[in-house]
Amino acid sequence: MNVFDAIRTRRSIRKYLNKPVEREKLSKILEAARLSPSAANRQPWRFIVVTDQKIKEELRAAYDEDWFVSAPVIIVGCALPSEAWVRSDGEEYWKVDLAIAMQNLILEAWELGLGTCWIGAFREDEVKRILGIPDEVRVVALASLGYPAEEKGSVTKRKPLEEIVSYNYW
Ligand SMILES: Cc1cc2nc3c(=O)[nH]c(=O)nc-3n(C[C@H](O)[C@H](O)[C@H](O)COP(=O)(O)O)c2cc1C
């Protein structure tokens, strides 16, 4: 699968087979995150891989969905703002860095036949409490991960290029 095919066919998966994700696949997915670019190459990220069913159940307090808890793996994408690059006008880049790494991880998972769903609507305070994440760390994204138990077509519902691209000027 080439990069464009992965981008074109990837969909958010919210139903998973009750089948564990192999260690080698998990390592490769995390390697895709590790190799990601970041502003000034600061790599201000940490990833927590949750596989323990008891902890996943606890995470309901942060995001209460059966499909989320039933995913074999939950990846928690964390940022250390103190390690990240800050533009001269004060704009902080840790969220951008984490988003890039999470997307690489998601695309690599798809290439390996695994589905994910990016979750943004979680309660950060609960994730931090349950997983013992230090105060200064921010949780940017959760991603459920596992073998898909649903088939979805390629990406269709997107704005047309004419609506989102302009040349030279706004
Ligand atoms: C930043 C971000 C946050 C998201 N948060 C959630 C979420 O909290 N719950 C959920 O079910 N899906 C979430 N999604 C998945 C989107 O709903 C999904 O990507 C979008 O509808 C397009 O569908 P597709 O991924 O199948 O192409 C999120 C996606 C992104 C990129």
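Here are some notes:
- When the stretch 4-52 is filtered for residues that are over 25 Å from Val127 (Cβ atoms), touching a helix residue (DSSP H, G or I) at 6+ places or on another chain (Cβ under 8 Å), within 16 Å of the ligand (Cβ to nearest atom) and not small (Gly, Ala, Ser), the ones remaining, listed by number, are Ile7, Thr9.
- Counting the residues of the stretch 15-33 that are more than 14 Å from the chain's Cα centre (by Cα) and either assigned to a loop (DSSP other than H, G, I, E, B) or not aromatic (Phe, Trp, Tyr) (or both) gives 12.
- Odd one out for Glu162 among (1) under 30 Å from Thr51 (Cα atoms); (2) assigned to a helix (DSSP H, G or I): (1)
- Cross-chain or 6+ apart pairs with Cβ under 7 Å, the stretch 8-30 first and within 21 Å of Ile119 (Cβ to Cβ) and aromatic (Phe, Trp, Tyr), then part of a loop (DSSP other than H, G, I, E, B) and within 16 Å of the ligand (Cβ to nearest atom): Tyr16/Ala71; Tyr16/Ala149
- A count restricted to the stretch 122-148 and to residues that are within 13 Å of the ligand (Cβ to nearest atom), assigned to a helix (DSSP H, G or I) and either under 25 Å from Pro20 (Cα atoms) or not acidic (Asp, Glu) (or both) stands at 1.
One line per residue, one yes/no per condition, for (1) under 18 Å from the mean Cα position of the chain (by Cα); (2) away from the ligand (no atom under 13 Å from the Cβ); (3) closer than 19 Å to Asp135 by Cα:
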| residue | (1), (2), (3) |
| --- | --- |
| Pro81 | yes, yes, yes |
| Arg87 | no, yes, no |
| Glu92 | no, yes, yes |
| Met102 | yes, no, no |
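- Selected residue (only one of Asp64, Asp97 is farther than 20 Å from Leu26 by Cα, assigned to a helix (DSSP H, G or I), of a type in the set (D, E, K, R) and modelled with pLDDT of 95 or more): Asp97
- Among the residues of the stretch 37-75, just one is farther than 23 Å from Ser12 by Cα, more than 16 Å from the chain's Cα centre (by Cα) and of a type in the set (S, T, N, Q), namely Asn41.
- Here the stretch 67-78 is the region considered, the condition is being outside any helix (DSSP H, G or I) and more than 11 Å from the ligand (Cβ to nearest atom), and the residue that is farthest from Glu31 (Cα to Cα) is Ala71.
- For first residues located in the stretch 40-56 and over 17 Å from Ala143 (Cβ atoms), partners that are assigned to a strand (DSSP E or B) and lie 6+ apart or on another chain with Cβ distances below 7 Å form the pairs Pro44/Ala79.
The values are calculated or read from the model by the stated rules, or taken from the named source; none is laboratory data. Since the model is a prediction, treat every value here as computed from it, not as a measurement. Glycine gets a Cβ as well: all are built from the backbone with ideal geometry, and neighbour counts include every protein chain shown.
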